[in-house]
1. Based on this model, can you work out whether P52 counts as surrounded by 21 or more Cβ atoms within 10 Å (Cβ to Cβ), touching a Gly at 6+ places or on another chain (Cβ under 6 Å) and modelled with pLDDT of 95 or more?
2. Look through the range 14-33, keep the residues that are touching a helix residue (DSSP H, G or I) at 6+ places or on another chain (Cβ under 7 Å) and either in a loop (DSSP other than H, G, I, E, B) or open to solvent by less than 50 Å² (accessible area, probe 1.4 Å) (or both), and return whichever of them is farthest from E319 (Cα to Cα).
3. It is to be established whether one or more residues within the range 109-130 are in contact (Cβ under 8 Å) with a residue 40 or more places away in the chain, in contact with a Pro (Cβ under 8 Å, 6 or more places away or on another chain) and among the aromatic types (F, W, Y).
4. For F197, state whether it is aromatic (F, W, Y) and without any contact (Cβ under 8 Å) to a residue 40 or more places away in the chain.
5. If I ask for residues that are surrounded by fewer than 24 Cβ atoms within 10 Å (Cβ to Cβ), touching a helix residue (DSSP H, G or I) at 6+ places or on another chain (Cβ under 8 Å) and among the hydrophobic types (A, V, I, L, M, F, W, C), which ones from the range 128-150 would you list?
6. Looking at this structure, is R124 open to solvent by 30 Å² or more (accessible area, probe 1.4 Å), touching an Asp or Glu at 6+ places or on another chain (Cβ under 9 Å), under 17 Å from V7 (Cβ atoms) and basic (K, R)?
7. Of Y148, Y168, Y131, which residue is modelled with pLDDT of 95 or more, within 17 Å of I69 (Cα to Cα) and hydroxyl-bearing (S, T, Y)?
8. So if I check each of G235, G251, G215, G211, which one is of a type outside the set (S, T, Y), out of contact with any Gly (no Cβ under 8 Å at 6 or more places or on another chain) and at positive phi?
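The values are calculated or read from the model by the stated rules, or taken from the named source; none is laboratory data. Nothing here was measured: the structure is a model prediction, and the numbers come from that model. Backbone-built Cβ (ideal geometry, glycine too); neighbour counts: all protein chains shown. Ligands, DNA and RNA are stripped out before the accessible areas are found, and what is left, the full protein with its side chains, is counted by its heavy atoms. Shrake-Rupley method; radii C 1.70, N 1.55, O 1.52, S 1.80 Å.
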Amino acid sequence: MSNQRRVSYFYDAEIGNYHYGQGHPMKPHRIRMTHNLVVNYGLYRRMEVFRPRLVSPTAMTRFHSDDYINFLKIISPDNMQDYVRQLQRFNVGEDCPVFDGLFEFCQLYTSGSIGGAARLNENRVDVVINYAGGLHHAKRAEASGFCYVNDCVLAILELLKKHERVLYIDIDIHHGDGVEEAFYTTNRVMTVSFHKFGEYFPGTGDVQDIGYADGKNYAINFPLNDGMDDDSFRGVFRPVIAKVMEVFQPGAVVLQCGADSLSGDRLGCFNLSIKGHGDCVEFVKSFNIPMLVLGGGGYTLRNIPRCWTYETSILAGEEIKDELPFNDYFEYFGPDYRLHLPVSNMENLNSPEYLERTKIQLLEILREVEPVPGAQIQTGQVESQTNPRSALMEVENEEEEDTDKRPIREERKEHQSELAS
């Protein structure tokens with residue numbers, strides 16, 4: 001089997017200029033650091049690199065409410081005091097602060113995910129990477145967990161225009177609650193999340209949460225305890241995903257690669273190495289299904305670029321050296337200046353018995369999945385009044401082009417000189 005696949009990589013140099021505020025753990029600067037490491041390893045030569053063309057606010061209302069998107073457009077640090085009620089209503093202000101350029105930031109990360117999904121739909125590429133995306137907690141009319149616009153949901157809706165079934169896999173340490181909730185009652189999207197559970201944000205993702213109505217058995221949750229290590233994760237991830245692929249047979253996969261499941265994360269409590277995290281990416285890639293790879297959490301600045309650069313090398317099919325090349329942020333990676341770091345000696349609180357029992361439970365749920373989901377769901381044009389505003393979110397396949405959908409040909413490919421700057 002050839003290891004070489006057509007890979008597109010979305011990046012906008014502006015993303016690193018946005019700042020959630022002093023002391024906030026979410027730092028968009030990590031995307032710029034990742035890009036710089038990808039460039040200095042020479043991985044850009046194995047990919048097509050694009051700057052995403054901004055989607056319209058209307059495109060975001062395929063999932064989000066009009067009121068919420070309009071609020072994100074107008075809110076700023078200067079006028080916050082005039083919108084106290086709306087700030088509370090939309091859960092903006094603490095974990096999800098108002099900062100300069102908030103809506104433009106949302107547009108940037110969302111555009112890469114929707115644009116990447118459209119590229120996959122047109123069969124121009126096998127894998128699309130958008131590390132600025134993966135903000136999986138946002139709800140229809142509510143910000144949550146550092147996330148404002150749920151680019152994962154919007155990308156899946158784009159993929160549903162072409163693909164009968166789309167699989168969403170989430171290896172962030174936090175449960176992918178926003179995506180699960182959005183597709184909880186449909187059998188055209190299966191959500192699979194491996195996450196820390198029990199007195200931990202967002203508090204959802206119990207193994208018994210399996211979906212509802214047509215979506216019953218199409219939400220798969222593997223709740224985990226502190227200290228999850230490489231061998232344990234591989235031992236549950238591979239069999240569960242293999243069974244999902246067998247019974248669900250997705251036409252496309254969205255993989256959220258939150259790096260807060262790595263050992264030593266500022267907010268996380270797992271003990272995965274970069275190789276252990278990357279093993280998930282490698283396994284999903286091995287199924288040769290069109291794949292959208294997104295970022296997500298990750299709060300220890302020196303770890304995230306290492307992780308996502310390594311995973312870029314896996315997706316591009318090129319081995320890279322452990323010794324880091326010189327780059328603009330070289331001092332962040334001391335004292336060892338190596339790609340791979342040792343994990344901690346923390347205890348793994350996931351017993352083999354617990355993991356085996358939960359794995360068997362999920363495999364039993366997956367046996368209940370009908371081999372080919374039959375319900376025809378539609379995908380709605382954004383401007384259409386028939387576009388459902390419910391959790392099922394059906395979309396009707398339109399022959400004509402949506403007014404808000406950018407033609408892929410207008411995406412401007414980055415020049416090599418821009419990459420190196």
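1. So P52 fits the description; yes.
2. Among those that are touching a helix residue (DSSP H, G or I) at 6+ places or on another chain (Cβ under 7 Å) and either in a loop (DSSP other than H, G, I, E, B) or open to solvent by less than 50 Å² (accessible area, probe 1.4 Å) (or both), it is Y18.
3. No - not one qualifying residue is present in the range 109-130.
4. Spelling it out, F197 is indeed aromatic (F, W, Y) and without any contact (Cβ under 8 Å) to a residue 40 or more places away in the chain.
5. Residue satisfying the conditions is A141 alone.
6. yes
7. After ruling out the rest, the residue left standing is Y148.
8. Every option except G211 fails the conditions.
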